[in-house]
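Notes for the one structure printed next.
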Amino acid sequence: MRVSIAGAGAVGRSIAAELLENGHEVLLIDKAPTAISVERVPMAEWLLADACEITSLDEAALQRCNVVIAATGDDKVNLVVSLLAKTEYGVPRVVARVNNPKNEWLFNESWGVDVAVSTPRLMSALVEEAVSVGDLVRLLRFSHGDANLVELTLPPESALAGTRVGDVAWPEDTSLVTIIRGTRVLTPSPEESLESGDELLFVAAQAREEQLEDLLSVRRDPSED
């Protein structure tokens, strides 16, 4: 997979290093000469250019990229890069960094963004996830289809504890994608039974989140114990 990253700061370099370790081709683009630190990520391609300029993106051959990541510290730049990547070059997947949470509403398909990553929101979500059991926590927002990656830790008193995945009447527009049980990561087959303490990861439409939380948090009737 070929990935272009606009912004060669600490965030961009960190992403590039991880992608390279996983065997992907990576191009880092930055207009600041001081940001071009080839020795820090020697396996990456580097381009000294303004990622908001069409000529620069032509030089980067953005049309060959499977993914573009707008990772600069400027939300305006990230939006322009995302829009150009999607509309001018037809990049299949555009991921954009949101620096100011107040601007998060702009990072949607209208600006070419498939996935918006807000560091403050993600950090607060991880804090909530660490202390919450039975509460739905939104981890990531996908622009297309108004869907989110959400997590809920199944509480001990949940009526679904012991129920097979295939027997649960899940809400429409929701998909259980992973069950994390201790140190194990499980593919949720229909025969897999849910257990209290399971961390459940879903891709769900925002309009279904409340319904999903209600379903997972319904308390078991004590008379059944």
Semi-axes of the equivalent ellipsoid for segment 1-117, Cα gyration tensor, largest first, Å: 20, 15, 14
For Ile180 and Leu48 in the same chain, what is the full-extension length gain: residue separation times 0.36 nm, less their Cα-Cα distance, in nm? 43.3 nm
Report, in deg cm²/dmol and to the nearest 500, the calculated mean residue ellipticity at 222 nm for the chain, where each DSSP H run with n ≥ 4 adds -39500 (n - 2.57) and the sum is divided by the residue count. -7000 deg cm²/dmol
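Would you mind working out the accessible area per residue for segment 131-214, using a 1.4 Å probe, and quoting it in Å²?
Per residue, segment 131-214 has an accessible area of 49 Å².
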Two-decimal Rg/Rh across segment 1-62, once Rg and the Kirkwood Rh are taken from alpha-carbon atoms: 0.93
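What number, in percent, do you get for the relative contact order of the chain if the mean sequence gap of Cα pairs under 8 Å and at least 6 apart is divided by its residue count? Write down the numbers at each step before the final one.
On the way: 467 pairs, mean separation 29.8, N = 225.
Rounded, it is 13 percent for the chain.
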With +1 at each Lys and Arg Cβ and -1 at each Asp and Glu Cβ, the charge dipole magnitude of the chain around its Cα centre, to the nearest 20 debye, comes out at 760 debye
Return one number: the angle in degrees, 0 to 90 and rounded to the nearest 10, between the long axis of the Cα atoms of helix 119-131 and the longest principal axis of the Cα atoms of the chain. 20 degrees
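Report the antiparallel proportion of the DSSP beta bridges in the chain as a percent, rounded to a multiple of 5.
The answer is about 55 percent antiparallel.
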On C-alpha positions alone, give me the angle between the axis of helix 75-87 and the longest principal axis of the chain, in degrees, nearest 10. 90 degrees
Give me the percent of the accessible area of segment 131-214 that comes from carbon and sulfur atoms, probe 1.4 Å, all protein chains in place. 48 percent
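Calculate, in nm to one decimal, what Ala207 and Thr187 gain on full extension: separation in residues at 0.36 nm each, minus their alpha carbon distance.
Value of the extension gain: 4.7 nm.
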Taking every other residue with Cβ under 12 Å from the Cβ of Val113 and scoring Lys and Arg +1, Asp and Glu -1, one gets 0
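The values are calculated or read from the model by the stated rules, or taken from the named source; none is laboratory data. For clarity, every value in this text was computed on a predicted model and none was experimentally measured. Cβ atoms come from the backbone with ideal geometry, glycine included; neighbour counts cover every protein chain shown. Remember, those area values only see protein heavy atoms, side chains included, never the ligands or the DNA or RNA. Shrake-Rupley method; radii C 1.70, N 1.55, O 1.52, S 1.80 Å.
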